[in-house]
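Student: The structure that follows is given in the form of structure tokens.
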Amino acid sequence: MSDSSSPRTVPARLPLATAPQASDLLRSLTGLLARWMPRQRWFAGKGRPLNSLTLVSATELLPCTGGGPIPGLLHLLVRTRLGGQEGASSGGDCYQLLLGVRPTLPPTLGPALVGRPTEGPLRGKAVYEALHDARLAALLLERLRAPGRLGGLTFGRAPGSAIPSGLAARVLTGEQSNTSVVYGETHILKLFRRVSPGVNPDLELPLALAEAGSDRVPAPSAWFEATPPPPPQQAREKGGGAADEPMTLGVLAPFLAGSSDGWQLALRSLAERTDFTGSARSLGRATAEVHTALAAVLPTVRLGREQLERIAAAMGRRLDEAAEAVPALRPYRAGLHRSFDTVGEFARRGGTCVAQRLHGDLHLGQVLHTPESGTWHLIDFEGEPARPLADRRRPGPPVRDIAGMLRSFDYAACQHPAGGPWVDSWSRANRAAYCQGYAEAGGQDPMGQLDLLRAYETDKAIYEVLYEARHRPAWLHVPMAAVRRLAAAPG
């Protein structure tokens, strides 16, 4: 990429005491990162030009400018600005990068190459994705074992947590918004890619559940954070926490070796035409136990008329926006709006509901079943990564999580190539069993809040339609089947 086609570079806002000089470093890496970042699965700006990069902070975990064979390790926080984000209403997105630096790159690390700078302090060196280097991934684990500060990074560890050293590291594939590294068979590190000020729910909620004594969620063993310079005022208004709140960068937790996620188990049940309702019922119980524990240790609120009308109105706006983008939704718009109107009517009659902290993105891929104990565990409490952090930390009605799981049963059923009455019956039976299990353990039957549950399921299906239309058009028929069913439901 020539200088004329490279994104505009913006100097870092902080002196970088533990990294190469900021302006030289950014000039050295800008072109490489501008080509490499948009190709990564975790990059949120697909299809939009990358106009500028701002180096927010840089920390050398291992020296990067020496001439020896030992690889360097560089931690970066980089703010991007895309085409269409030039106005005052957007501060861009901040991404976390871990880059390895070597004079020459072993062939096994070739696929991890970012590029070779032609200028600056890293000139001529191979810069690559560090987490694919077992040596550098092991160094990161050692930092997590030793609480303290390094440059702009702070490493914390849960009291009494056992984290062995010398564990072999491997990067998991297939993730979209984050990167995970498994250490041996005992721990897993989730590294958040797009970050913002404020504690990430995937650290906050499992810590709260550990305090409550819940064994349904693996308790964090260690984590690390950064306190970056204040973002622009407009970014603070758009984003999550206060500007001086640290950013959660990664969480290390126990790895449940030998477990299978609910999606795999559901697909196996469908392929083998076996009963899954017992598993669905116990999963409903697990969900209720987690909700109960969260409500016991974190604040709850009661949503009255104003809040419920606002929720219903926001759902309606999302429907109208999605229908403008996806013409297939338009014939069903009136029927879908009835679900949201019902919530507004409930609120105007004086109806209320309790809101609490939730999982936020619950589906069959976010639950693990351990065969030895027969136990379901909930994981990945980050919420929907596309939503601002403040939204993901906001209390909501428990039926929002339940609606997500109900939609997941439908998604699984649609994967069966033959389809037909048996598959439809499988989905209906497991949706009912899940709600029954939840009612048994939670003391409240989700079907007792049918109007609110249907509204959240409708909102989720509309989100799915928009996602599939943009990213997986061949899957659009899956949420559209739900749209037709929900639009035909009586108001």
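Student: What's the extension gain from Glu321 to Glu185 if we count 0.36 nm per residue and subtract their Cα-Cα distance?
Tutor: Working: separation 136, 0.36 × 136 = 48.96 nm, distance 4.50 nm.
In short, 44.5 nm is gained.
Student: I've got another one for you. Using 15 Å as the cut-off for backbone N distance, which residues of the range 385-420 belong to the label zone defined by a point 7 Å from the Cα of Ala328 along Cα→Cβ?
Tutor: Label zone hits: 411, 414-415.
Student: Additional query: Using unit Cβ charges (K, R positive; D, E negative) and no other charged atoms, how large, in debye to the nearest 20, is the dipole of the range 277-379 about its Cα centre?
Tutor: Rounded to the nearest 20 debye, it is 300 debye.
Student: Also, I was wondering about something else. Applying 1/(1 + (r/R0)^6) with R0 = 45 Å to the Cβ-Cβ distance of Glu372 and Ala314, what FRET efficiency is obtained, to the nearest 0.05?
Tutor: Approximately 0.55, to the nearest 0.05.
Student: Probe radius 1.4 Å, ligands and nucleic acids ignored: give me the carbon and sulfur share of the accessible area of the range 368-437 as a rounded percent.
Tutor: Carbon with sulfur: 53 percent of the solvent-accessible area.
Student: Could you check the spin-label model distance between Arg485 and Ala271? Points 7 Å from the Cα along Cα→Cβ, value in nm.
Tutor: Placing both labels 7 Å along Cα→Cβ, they lie 2.3 nm apart.
Student: Just to confirm the number: angle between the C-alpha axis of helix 201-211 and the first principal axis of the chain, 0 to 90 degrees, nearest 10?
Tutor: Its long axis makes an angle of about 70 degrees.
Student: Then there is this: Work out, in µm²/s and without decimals, the Stokes-Einstein translational diffusion coefficient of the range 264-311 at 10 °C, 1.306 mPa s, Rh from Kirkwood over C-alpha pairs.
Tutor: Once the numbers are plugged in, D ends up at 115 µm²/s.
Student: Suppose the chain between Glu245 and Gln307 were pulled fully straight at 0.36 nm per residue; how much longer would it get relative to their current alpha carbon spacing?
Tutor: Between Glu245 and Gln307, full extension yields an extra 19.6 nm.
Student: With label points built 7 Å along Cα→Cβ from the Cα atoms of Arg41 and Ala418, find their separation and express it in nm.
Tutor: 3.1 nm
Student: So for the range 363-438, Kirkwood radius off the Cα pairs, Stokes-Einstein at 4 °C and 1.567 mPa s: how many µm² s⁻¹?
Tutor: 91 µm²/s
Student: Something else now. May I ask you to list the residues of the range 256-277 whose amide nitrogen lies under 19 Å from a point 7 Å from Cα along the Cα→beta-carbon direction of Arg428?
Tutor: The answer is 270, 273-277.
Student: Mean projection of the alpha-carbon convex hull of the range 300-379 over all orientations, in nm²?
Tutor: On the way: hull surface 31.3 nm².
About 7.8 nm², averaged over all directions.
Student: Could you work out the Rg to Rh ratio of the chain, with Rh taken as the Kirkwood radius (inverse of the mean 1/r over all Cα pairs)?
Tutor: Taking Rg over the Kirkwood Rh, I get 0.98.
Student: For a test of the definition: using alpha carbon positions, the gyration tensor, and the 1.5 limit on a/c, classify the range 265-405 as rounded, prolate or oblate.
Tutor: Oblate, since a/c reaches 1.5 and b/c is not below a/b.
Student: With θ set to phi - 60° and the Karplus curve 6.51 cos²θ - 1.76 cosθ + 1.60, what are the ³J(HN,Hα) couplings of the range 160-169 in order, to the nearest whole Hz, using x for Gly and Pro?
Tutor: Each residue of the range 160-169 in turn: x, 6, 9, 10, x, 9, x, 7, 5, 10 Hz.
Student: Compute the distance in nm between two label points, each set 7 Å from the Cα along the Cα-to-Cβ direction, one at Thr300 and one at Arg387.
Tutor: 1.9 nm
Student: Where the centroid of each part is defined by its Cα atoms, how far is the range 301-334 from the range 255-274 in Å?
Tutor: The range 301-334 and the range 255-274 have Cα centres separated by 34 Å.
Student: Quick one: helix 450-471 against the long Cα principal axis of the chain, what's the angle to the nearest 10°, folded into 0 to 90?
Tutor: For helix 450-471, the angle is close to 40 degrees.
Student: Still on this structure: At a Förster distance of 45 Å, what's the computed FRET efficiency of His477 paired with Ala219, Cβ-Cβ distance as r, to 0.05?
Tutor: 0.65
Student: What fraction, in whole percent, of alpha-carbon pairs in the range 29-123 exceed 23 Å separation? Let's see the in-between values first.
Tutor: Working: 1274 of 4465 pairs.
Summing the P(r) tail past 23 Å for the range 29-123 gives 29 percent.
Student: Going by alpha carbons, how many degrees (0 to 90, nearest 10) lie between the helix axis of 333-348 and the longest principal axis of the chain?
Tutor: 80 degrees
Student: Given just the C-alpha atoms of the range 139-196, how large is their convex hull per residue in cubic angstrom?
Tutor: In the range 139-196, the Cα hull volume divided by residue count equals 99 Å³.
Student: Val354 to Leu450: extension gain in nm, 0.36 nm per residue of separation minus the Cα-Cα distance? Intermediate values should be presented prior to the final figure.
Tutor: Working: separation 96, 0.36 × 96 = 34.56 nm, distance 1.47 nm.
Once the chain is fully extended between Val354 and Leu450, it gains 33.1 nm.
Student: Count the lysine pairs in the chain that are 8 or more places apart or on different chains: how many have C-alpha atoms under 24 angstrom apart?
Tutor: Lysine pairs meeting the criterion: 4.
Student: Excluding ligands, DNA and RNA, what is the solvent-accessible area per residue of the chain at a probe of 1.4 Å, expressed in Å²?
Tutor: Roughly 42 Å² per residue, with all protein chains present.
The values are calculated or read from the model by the stated rules, or taken from the named source; none is laboratory data. All figures in this text were calculated on a predicted structure; none of them were measured in a lab. Counting neighbours? That spans all protein chains shown, and the Cβs are built from the backbone with ideal geometry, glycine included. Heads up: the accessible areas ignore ligands, DNA and RNA and are worked out on the full protein's heavy atoms, side chains in. Shrake-Rupley method; radii C 1.70, N 1.55, O 1.52, S 1.80 Å.
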